[in-house]
4 protein chains.
Amino acid sequence: MLTIGPYEFNSRLLLGTGKFESFEIQKEAVDVSESQILTFAVRRMNIYEPSQPNFLEMLDVNNYTLLPNTAGASTAEEAVRIAKLARASGLCDMIKVEIIGDEKTLLPDPIETLKASEILLEEGFTVLPYTSDDVLLAKRLQELGVHAVMPGASPIGSGQGIINPLNLSFIIEQATVPIIVDAGIGSPSDAAIAMEMGADGVLLNTAVAGAKDPVKMAKAMKLAIEAGRLGYEAGRIPRKRYASASSPLEGLSTI
Amino acid sequence: MLTIGPYEFNSRLLLGTGKFESFEIQKEAVDVSESQILTFAVRRMNIYEPSQPNFLEMLDVNNYTLLPNTAGASTAEEAVRIAKLARASGLCDMIKVEIIGDEKTLLPDPIETLKASEILLEEGFTVLPYTSDDVLLAKRLQELGVHAVMPGASPIGSGQGIINPLNLSFIIEQATVPIIVDAGIGSPSDAAIAMEMGADGVLLNTAVAGAKDPVKMAKAMKLAIEAGRLGYEAGRIPRKRYASASSPLEGLSTI
Amino acid sequence: MLTIGPYEFNSRLLLGTGKFESFEIQKEAVDVSESQILTFAVRRMNIYEPSQPNFLEMLDVNNYTLLPNTAGASTAEEAVRIAKLARASGLCDMIKVEIIGDEKTLLPDPIETLKASEILLEEGFTVLPYTSDDVLLAKRLQELGVHAVMPGASPIGSGQGIINPLNLSFIIEQATVPIIVDAGIGSPSDAAIAMEMGADGVLLNTAVAGAKDPVKMAKAMKLAIEAGRLGYEAGRIPRKRYASASSPLEGLSTI
Amino acid sequence: MLTIGPYEFNSRLLLGTGKFESFEIQKEAVDVSESQILTFAVRRMNIYEPSQPNFLEMLDVNNYTLLPNTAGASTAEEAVRIAKLARASGLCDMIKVEIIGDEKTLLPDPIETLKASEILLEEGFTVLPYTSDDVLLAKRLQELGVHAVMPGASPIGSGQGIINPLNLSFIIEQATVPIIVDAGIGSPSDAAIAMEMGADGVLLNTAVAGAKDPVKMAKAMKLAIEAGRLGYEAGRIPRKRYASASSPLEGLSTI
């Protein structure tokens, strides 16, 4: 059970809704993923940007918890404004704070993210900031009272997986709120690794939407996250330098 | 569908039967793994070594394909003798050739493995050699006519996962028979990585038997292998150095 | 030539002076390292802490540029106070801002580091902040006007080398001031990797002081940093998936 | 001191002579590398292939030990014939056995390499086989009596460095003859890593010949190999998960 603020979820997969080739494929991918939390950029809601098609019409929004993000914001002020627009729709009061500090790497701006998170918490939002894997930033965010911390595995859309497992493990060790690994996941095994390390969930989008067969990849991600979580709970064997025989090496005297 | 010689399997997980704490836990782990191929050391069959308890009595052997291995052999001659003993039981005609060349690392002896495989093929066995990730050795084995090649990911029981993905990918690219990654798998993600690379199956034992909760880990491995296979079929996104936005970065004019 | 603020150096190795077994070994290690910049904790200067022996007496301080650090500070205020004490000694006006946010990982506190750097720049110091490998934090620091940015390779004293080469390469790409890799270097090859990536220098301490033979390791580090820098300037071959022959594969007709 | 059969060398860098843009650059690179062992393909000696220019004329061959290789051979028989041609020139009695088993990966054929090594040892050659990083193959080769074992780090010319450090460390641990890491080195740090692990030498060619500035890279490699060797002798600090302070964290009472 994944608990974020007042919400509870059976699924630990948070699925983004950008970049799908069609709403039909998106809907099918969402279905097989069994995700209960869907993220999307507020700018893509056509109540605010009428030229955008409305993917929400395709889904029974009562079945999902919507997690709008502030993509497009480069300052705390912009992020706060976008979050308020999203809440005004009446569809959601969770917000993923996403404040990009650099257009080339799409990495988050730590200072503006802290600032926006603080303001949004005061405004009563359920706040999930997307952040780097800086261990102290993650700590400062949870000290502010955010409802989950979402460190990136690697740059958005890069598919590079978890580049710094040490930092991620430090963030998980110190966590007092759920840690959702966000950004950079490329393959099912990337998602499984995050879960095996003890992450509480994984947010991904491009890895599914950009796969040759997005629906099949959505299913793969669902299974990988379950596998990784079970593996975490099951307690893996230690890594050893030298081998250790599955079968006894002595006692073959009768053969 | 995994096809090895004349046999067909729905499951791509080959499960070893050594090192479990009890036959009850082993049986339950085998059940939830949904594995159809069980491996075991011939020396542990109590028809040959009466002092050993007989794990086969615990299982309905008609439900499984048994894959005995020649563990304990350090020469081709010994391996051939063990294989013949196994076949004489009437339980199986598949044999995993396992000839250890070094007690510390438990790595396979390439020359004796080639020699034993050649003899066993002439004797009509369905032959699955455990080998290193040496690309040319794998090629020579498949040129001999073996029914699957089983390169190690890392030393037996080490839990280090796939150390040399390049060699494994070369072996898969050149493959004319199924490639089963064998030895060294420690976590569900290790198994998923092998499958995402295009391996046809994974053989593991210690990772399940040695986990704190072997039954839960058996389930995790089953899901991870399915996830990895689906991920392979779905076609992952390319890895990119720079980020790529899930949400369009322009067009937020109305906010 | 390494240029930091008004200073120029031929050596790209900054050597810390903590943890040596004796001042004699330290002196010899400093000599063979050919380092021109020596770092030390202000608290270890016995002008402030008379119970500490004074390593500076062992060295001809006119031959070195001294880079005191603010180790022990956990807030910007403490760091500023330590920096002023150091400057008051008349020995130096460079300061390495080191504000630890967590006692277990010894990772830096980004917010306090930014704050202290801003104040010290206003006070006219030559400021070199030790920071994480967060790409945007490094950018914010250089926008403040710091004279060099010093991202950690991995936790202080851990000897894990560069865990996240992607972030380090992003920091180097965006750099407008020297990038000195600081903390986590364990081996000569770690230092060489940093330099091959285009870092301007490497600061290390434990890797030398904690080696079995610190003097020999000091020499190794000096050579490795030169090798890495030359390798960077020489322009390495690209990494390729497939092989490429050094010798032509055809034309052996006469043999 | 590197001892191979009856020969002793101060340098641990074996330099290949293929692929240089000109003999002038090659000569200068050889000079600054301070290598004492030069390798070349017998087919490129113009005494056997008159259409080839003769790089040996450019060098004072009395200053170097020549190590011809059998590149172009795909069987033991061919390799033996090439080796004999080389010896007949009177220039050398060392031979690098290089028998390629696959044109795409240029990886060595283990069986033919073993066979050729055995024959050449009987013929009185000083034999240095190029092999994969298969641990047991390396053991079998040294049991035959070869004078050095030369495992590849990664495919020839790929510049991928040491892909499987575990296998290389096993080969070094079991070694009774010098281990020369051969093939795949791309950067100075790759060479340093091999030496830090305890390799006795490094053979490289493309990394220097294919660099933008081959002469500068030759110098970098020379320094890196010295750095790595010194680092090995100096005894590096252990890798630790958690940090360890260079400066004491307490006792700042007077500040």
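The values are calculated or read from the model by the stated rules, or taken from the named source; none is laboratory data. From a predicted model like this one, the values you see are computed outputs, not experimental measurements. Don't worry about glycine lacking a Cβ; one is built from the backbone with ideal geometry, like all the others, and counts go over all protein chains shown. Accessible surface is based on the protein model in full, side chains and every heavy atom, while ligands, DNA and RNA are left aside. Shrake-Rupley method; radii C 1.70, N 1.55, O 1.52, S 1.80 Å.
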R0 = 30 Å: FRET efficiency of D:R239 with B:E21, Cβ-based, nearest 0.05? 0.40
Filtered hits (aspartates and glutamates, Cα-Cα < 14 Å from C:K27, offset >= 8 within chain) -> C:E57, C:D60, C:D213
Roughly how many Å² is the accessible area per residue of the protein assembly as shown, as a whole number, for a 1.4 Å probe? 34 Å²
For the charge dipole of the range B:2-234, defined by +1 on Lys and Arg C-beta atoms and -1 on Asp and Glu C-beta atoms about the Cα centroid, which residue among B:V97, B:F40, B:S74 has the Cα displaced farthest towards the positive pole? B:F40
Might you report the magnitude of the Cβ-based charge dipole of chain C about its Cα centre, with Lys and Arg at +1 and Asp and Glu at -1, to the nearest 20 debye? 540 debye
Please calculate the 1.4 Å probe accessible area of A:L230, with all protein chains present, and give it to the nearest 10 Å². 30 Å²
As a check on your grasp of the helix formula, calculate [θ] at 222 nm for chain B: sum -39500 (n - 2.57) over DSSP H runs of n ≥ 4, divide by the residue count, round to the nearest 500. -11000 deg cm²/dmol
Listed here are the pairs A:K216/B:K240; B:K19/B:K216; B:K84/B:K104; B:K139/D:K139; A:K240/B:K104; which of them are more than 19 Å apart at the Cα? A:K216/B:K240; B:K84/B:K104; B:K139/D:K139
Probe radius 1.4 Å, ligands and nucleic acids ignored: give me the carbon and sulfur share of the accessible area of the protein assembly as shown as a rounded percent. 49 percent
List the residue from chain D whose beta-carbon is nearest to the axis that rotates chain D onto chain A, together with that distance in whole Å. D:R239, 7
Determine the percent antiparallel among the DSSP beta bridges restricted to the range C:2-234, to the nearest 5. 15 percent
A student applying the Cα gyration tensor rule (rounded when a/c is under 1.5; otherwise prolate if a/b is larger than b/c, oblate if not) would label chain D prolate
Quick one: how many Å² of B:C92 are accessible to a 1.4 Å probe, rounded to 10? 20 Å²
Quick calc, B:T176 & D:T3: beta-carbon distance into FRET formula, R0 30 Å, rounding 0.05, result 0.10
Note the distances from B:E143 to each other copy's matching label point, with points 7 Å along the Cα-to-beta-carbon direction, in nm, sorted shortest first. 2.2, 6.2, 6.5
Using a label position 7 Å from Cα in the Cα→Cβ direction, what is the ascending list of nm distances from B:E28 to the same site in the other copies? 3.9, 6.2, 7.3
So, in nm and shortest first, the distances from D:E77 to its counterparts in the other copies, with label points 7 Å along Cα→Cβ, work out as 3.0, 8.3, 8.7
